[in-house]
Amino acid sequence: MWGFFVLVGHLALHRHKQGAGKQGQVLHRSKRGWVWNQFFVIEEYTGPDPVLVGRLHSDVDSGDGNIKYILSGEGAGTIFVIDDKTGNIHATKTLDREEQAQYTLTAQAVARDTNKPLEPPSEFIVKVQDINDNPPEFLHGPYYARVPEMSNVGTSVMQVTATDADDPTYGNSARLVYSILQGQPYFSVEPQTGIIRTALPNMDREARQEYDVVIQAKDMGGHMGGLSGTTEVKITLTDVNDNPPKFPQSVYPMSVSEDKVPGEEVGRLKAKDPDLGDNGLVNYRLIDGDGLGMFELSTDSETREAVIKLKKMVDFETKKTYTLKVEGSNTYVDPQFLAWGPYKDEATIKISVEDADEPPVFVAPSYTFEVEENAPEGTLVGRVHAKDTDVANNPVRYMIPRYTDVEQFFSINSEDGMITTTRPLDRETQAWHNISVSATEIGHHQDTKVRVNIKVKDVNDNAPEFATNNEVLMCETVVPGKVCTSVTNVFLILDKDEMAHRQHFTFSLAPEVAHNHNFSLKDNRDSTASVYVLRKGFSRLTQDVYYLPIEINDNGFPAMSSTNTLTIRVCSCDSKDTILSCNVEPYVLPAGLSTGALIAILACIVILLAIVVLFVALRRQKKEPLIVFEEEDIRENIITYDDEGGGEEDTEAFDIATLQNPDGANGFLPRKDIKPELQYPIRPGIGRPAANSVDVDDFIKTRIAEADSDPTAPPYDSIQIYGYEGRGSLAGSLSSLESVTTESDLDYDYLQSWGPRFKKLADLYGTKDCSINDADDGEDS
């Protein structure tokens with residue numbers, strides 16, 4: 001249905017009288033009038049004919065067709081067209097308010113023949129009237145929400161919002177109402193706001209964790225004919241600690257063998273708690289039972305199980321069963337649910353001890369026996385005893401492991417455990433013997449070892465003696481009656497036996513020296529003795545060493561004694577009895593050397609060694625050359641050049657002038673190894689050419705003859721090889737191959753003066769010009 005709205009106005013064109021300067025002329029402004037039939041157009045019109053938007057009409061239009069209506073602005077000519085005669089405006093296309101809600105156009109009336117404006121331009125607005133053509137949309141769906149389990153009714157979960165592209169200011173096209181299509185009776189939604197809330201109390205996560213809720217948004221206020229859109233909301237219940245731990249069983253049977261060692265695992269149990277994370281953590285502890293001292297409990301950090309372990313070894317023969325009571329409780333408790341407690345549970349563990357084949361057990365943890373030294377073979381040391389604690393009570397056999405008694409001092413009776421000696425023992429060699437005894441049940445491989453410590457009791461079988469052979473120094477000027485030394489103050493008395501209570505040493509001179517006139521001995525009766533000097537006039541030149549045999553008795557049972565020699569050396573002293581020197585040669589030497597003789601012998605030996613060292617050093621020095629040269633003579637070397645020489649310009653090559661030995665110019669060359677008896681003068685018949693002689697052949701011959709006739713000079717011949725004279729040579733290359741193909745303007749006549757050895761070259765090159773001239777003359781003739 002179209003609604004028409006008519007706007008009538010009068011518009012008079014501005015007319016200005018010509019000749020505005022005339023006095024008394026009054027300008028009149030006439031009304032202008034536009035007639036607007038319509039300002040709105042329905043969107044989404046799909047009829048066969050264009051939609052009439054409105055009509056333009058001016059009061060200057062008399063209907064004779066002389067006025068032309070023109071339309072300009074947004075969509076003019078494309079969307080909106082105008083009948084230039086009637087002024088009717090039509091919409092030629094379907095309009096969408098959501099794309100553009102209004103259009104601004106300009107209308108104008110002009111003369112048809114002159115296009116002269118009859119009315120000023122005037123704007124007007126065409127609004128697109130909205131219809132409900134857009135459903136609501138949830139732009140951010142699907143949605144995910146979380147809410148704690150056991151929440152109260154009405155707890156807010158989340159808010160969902162839909163949008164409608166229709167005009168919210170026109171009608172109910174954009175007024176939305178929310179409703180829930182799926183998720184009842186657990187959740188509800190507020191119609192105006194879209195807030196989702198819980199609708200049931202005590203929703204348990206352990207029963208159901210996730211809910212799929214569908215929310216609908218409908219426009220037109222939710223009335224019939226409105227458009228709608230839906231979205232899905234996935235709601236997850238989060239966990240709270242609303243469940244106490246629970247043991248699946250009230251009694252857990254376990255068993256452990258009596259041969260298990262402490263720390264080994266006996267069994268496991270676990271309380272179930274359906275809560276998650278920290279809400280489901282369970283702590284375990286032993287709270288009662290007769291096995292609290294024998295077992296311990298720990299928690300496996302990965303599996304959260306209670307692990308029962310052996311704390312002490314159990315014995316089947318002593319106690320066969322144990323009972324434990326274990327408690328499992330939550331680590332974290334929610335105060336909101338304390339009334340639902342208690343959050344703990346208890347279970348009973350019954351542990352039975354299993355019998356195991358155990359090794360024999362010695363009645364004592366270790367044994368200590370004593371036996372006298374030097375006791376004969378087979379002497380009884382002691383007895384060890386072990387028994388089988390198992391029910392079978394099998395017989396036990398004994399043995400001594402060889403690695404504990406390597407030298408096999410002892411043996412044991414395998415049936416009764418009697419330990420005896422296999423040889424006499426010496427306490428001074430080894431006072432204690434620590435061995436092991438092994439006990440094994442017959443027919444079984446398990447054994448038990450026990451430590452046996454055997455002490456060797458001392459018997460007085462060693463005489464006392466001096467521990468060292470130190471000397472006593474005595475001055476030559478000692479006076480009679482003076483104490484020379486105190487035995488045991490200077491010398492350590494050694495007795496390998498143990499000193500019994502009230503046992504002491506006694507001293508006396510040996511019978512053969514009991515009546516000597518030099519020294520006497522006094523026993524002080526406190527295990528010491530003093531040596532006195534009986535005379536004066538000791539001289540180290542006469543006798544510098546005295547030997548005094550002393551008999552020492554240990555007063556043991558049986559008593560043991562030994563004779564030890566005390567060495568007394570006579571020394572030279574000053575007035576304060578300070579020792580200056582002592583003669584180290586004993587008096588008993590039949591023939592000795594004096595100190596001066598020894599010094600002389602040592603001096604001779606040192607001199608001989610110095611001579612030998614000097615001779616060796618001289619022999620190792622570098623030998624000098626046999627011939628004395630004032631400067632280095634390079635003719636001793638034979639030098640071979642693989643490349644051609646540099647001619648006269650080559651200053652590094654061999655210089656022919658060196659053949660003239662400057663060292664031998666005024667005489668012969670001396671030799672260090674041979675002294676000639678006769679000097680050979682230069683032969684008078686052999687001339688010495690000058691250094692700059694052109695006759696090289698004669699010069700060489702002279703030098704060869706001179707070297708051959710001089711027996712005192714070593715051979716100085718040197719071989720030099722020149723393959724090429726070089727670019728600087730006046731003669732150029734001597735190659736015959738190059739001479740054939742190359743013309744040369746050089747004069748080779750000087751080769752005639754070089755002697756017979758160069759005659760061939762002189763003939764080849766020196767006569768070339770002549771032969772050529774002769775040929776030319778022949779041609780001319």
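V483 exposes around 70 Å² of accessible area when a 1.4 Å probe is run over every protein chain in place. Rg/Rh for the stretch 295-391 (Cα atoms only, Rh after Kirkwood) is 1.35. For the set K350, K218, solvent exposure ranked by accessible area (probe 1.4 Å, protein chains only) runs largest to smallest as K350, K218.
Reducing the stretch 215-253 and the stretch 421-463 to their Cα centroids gives an inter-centroid distance of 84 Å. Along the stretch 338-351 the Karplus relation, 6.51 cos²θ - 1.76 cosθ + 1.60 evaluated at θ = phi - 60°, assigns HN-Hα couplings of 4, 5, 8, x, x, 9, 7, 8, 10, 8, 10, 10, 10, 10 Hz to successive residues, with x for each Gly and Pro. Between the amide H of I550 and those of A510, N564, T565, L566, distances stay under 5 Å, these residues lying 5 or more places away or on another chain, with hydrogens modeled in the peptide plane.
Among the protein heavy atoms of the stretch 38-129, carbon and sulfur supply 49% of the accessible surface, probe 1.4 Å, non-protein parts ignored. Rolling a 1.4 Å probe across the protein heavy atoms gives the stretch 38-129 an accessible surface of 51 Å² per residue. The solvent-accessible area of H433, taken with every protein chain present and a 1.4 Å probe, is close to 10 Å².
A 1.4 Å probe run over the protein chains yields, for the stretch 251-350, 55 Å² of accessible area per residue, whole-number rounding.
Applying 1/(1 + (r/R0)^6) with R0 = 45 Å to the Cβ-Cβ distance of S414 and K325 gives a FRET efficiency near 0.35. At 1.4 Å probe size, what's the solvent-accessible area of D708? Round to the nearest 10 Å². In the full protein context, D708 sits at about 120 Å². Could you tell me the calculated FRET efficiency between L181 and K344, based on Cβ-Cβ distance and R0 = 51 angstrom, to the nearest 0.05? According to the calculation, E is roughly 0.70.
Amide hydrogen proximity for N241: with H placed 1.01 Å from N in the peptide plane, the residues at 5 or more positions away or on another chain lying under 5 Å are D334. Ranked from largest to smallest solvent-accessible area, with a 1.4 Å probe on the protein heavy atoms, Y403, Y322, Y332 come out as Y403, Y332, Y322. Our note on the geometry: Cα centres of the stretch 76-115 and the stretch 256-273, 97 Å apart. Taking M294, M399, M474 and ordering them by how much accessible surface each has at a 1.4 Å probe, largest first, produces M399, M294, M474.
So which of K234/K272; K260/K309; K68/K116; K320/K350; K311/K387 end up more than 18 Å apart by C-alpha?
Violating the 18 Å limit, Cα to Cα: K234/K272; K311/K387.
Rounded, prolate or oblate: which one fits the stretch 251-350, using the alpha carbon gyration tensor with axes a ≥ b ≥ c (rounded when a/c is under 1.5, else prolate when a/b beats b/c, else oblate)? Taking the square roots of the gyration eigenvalues as a ≥ b ≥ c, the stretch 251-350 is prolate.
The values are calculated or read from the model by the stated rules, or taken from the named source; none is laboratory data. Note that the coordinates shown come from a computational prediction; the quantities given were computed from them, not determined experimentally. Every residue, glycine among them, receives a Cβ derived from its backbone with ideal geometry; neighbour counts consider all protein chains shown. With ligands, DNA and RNA removed, areas are computed over all heavy atoms of the protein, side chains included. Shrake-Rupley method; radii C 1.70, N 1.55, O 1.52, S 1.80 Å.
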